[in-house]
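Taken together, the values in this text are just the output of simple stated rules run on the coordinates, not laboratory data. Computed from a predicted structure; not experimentally measured. For neighbour counting, all protein chains shown are included, and Cβ atoms are generated from backbone atoms with ideal geometry for every residue, glycine included.
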Amino acid sequence: MHGHRGSEFTLRGTGGAGGPVFAATTATVRGPARAMVDEGRPPPEGLGFARGGGRRQDVPPAPPRKEGSGPPPMRDVIALPNLLTLANALCGLLAISKGIDALALDNGNPALFYAKMEAASWLIFLGMVFDMLDGKVARWTGGSSEFGAQLDSFADALTFGCAPALLAKMLIEHEGPLLGYSGNPRIHFLCAAAFSLMAMLRLVRFNLENEPDEDAHQSFKGLPSPAAAGAVASAILFYLVARKPELEMDTGTPTPVGHFMGLARDLDLALPWWFLPGLAALLPLLGFLMVSRVRYTHLASALTRRGPFLALVWLVFGAFLVWLAPIPILFLAFNGFVLFGILRAGIRRPTAPVP
């Protein structure tokens, strides 16, 4: 039997010393197929032979595939991870656009500014969802490719590198005078640039050092760029809700966080003046952690290491907490993750042997 991609050719017995005998006569075969039969080789499909052997037949072309019948073509399935990656990049672009709109359409209306900035910050978290899904879908469909890996890096640089830094700069310079902080725009730009450029360097290093071995994905070398972006975006959201508790509403009713923030505002418990300069200082710190060798746990691997059932339990309770108080939980989770890596690195730092 001679194998051919997508088809097979059937031999009928053998011709002894004369070689294999094909289910066709040379009298009915002309052109290239005749020469191949004379040499004892099966002609490829499409040169006058029906699939499976037999007499020469005019095989009609396959009817066109009807829409909605059967599974989709494999090329459509493989395109899905790249579409999810582009959706991640779109979230980053839209977040920057929302931030620009917040500044351009403010016109003395702080509620509009806060609403636009809140939407921009949530778009960064939506980009994380797409970033998580594109890798999973690529592995499930066998659609992993070098093109997808490079596209993913560009999308991450935009959504998790540029967008959070620009939003933080916009917030600091717009809200600074309200808290009595008058910083230097050049310093704010340098802080934002440090965050963005270090995120790009980290992504390049990750591509060069990435290994297909599953054991190599139990931890990260340096702070992952989505975690750094989450720390900045959650800090922005925390500031916005503290200044405008009305943002924490659900069908016209304040959420538990919105109710607490409203009480804090009534008690004149305002944010300290150093919150915004602290956010500016956080940007280069996170940038340094992204390119450092500080080990950070791969949370997905850590959750599934003890079995899928326990991971499901943790996910359910985590979803309950996020639903109850999304902004404080995200703020504590992302910034706590950043701090945990620093503390663990300091505790596990090897000491020099005593002579």
**Message:** Distance cut-off 24 Å, Cα to Cα: go down the list Lys98/Lys221; Lys169/Lys244; Lys116/Lys244 and report the pairs above it.
**Reply:** Lys98/Lys221
**For the range 153-170, 3J(HN,Hα) per residue [Karplus equation, 6.51 cos²θ - 1.76 cosθ + 1.60, θ = phi - 60°, Hz, x = Gly/Pro]** = 5, 5, 5, 5, 4, 6, 6, 10, x, 7, 4, x, 5, 5, 5, 5, 4, 4
**Asked** Long-range amide H contacts for Gly222: which residues qualify at under 5 Å (H placed 1.01 Å from N, peptide plane, sequence gap of 5 or more or a different chain)?
**Response** Val294, Arg295, Tyr296
**Complete:** Mean Cβ-within-10 Å packing, highest first, puts peptides 178-187, 222-231, 98-107, 114-123 in the order 222-231, 114-123, 98-107, 178-187
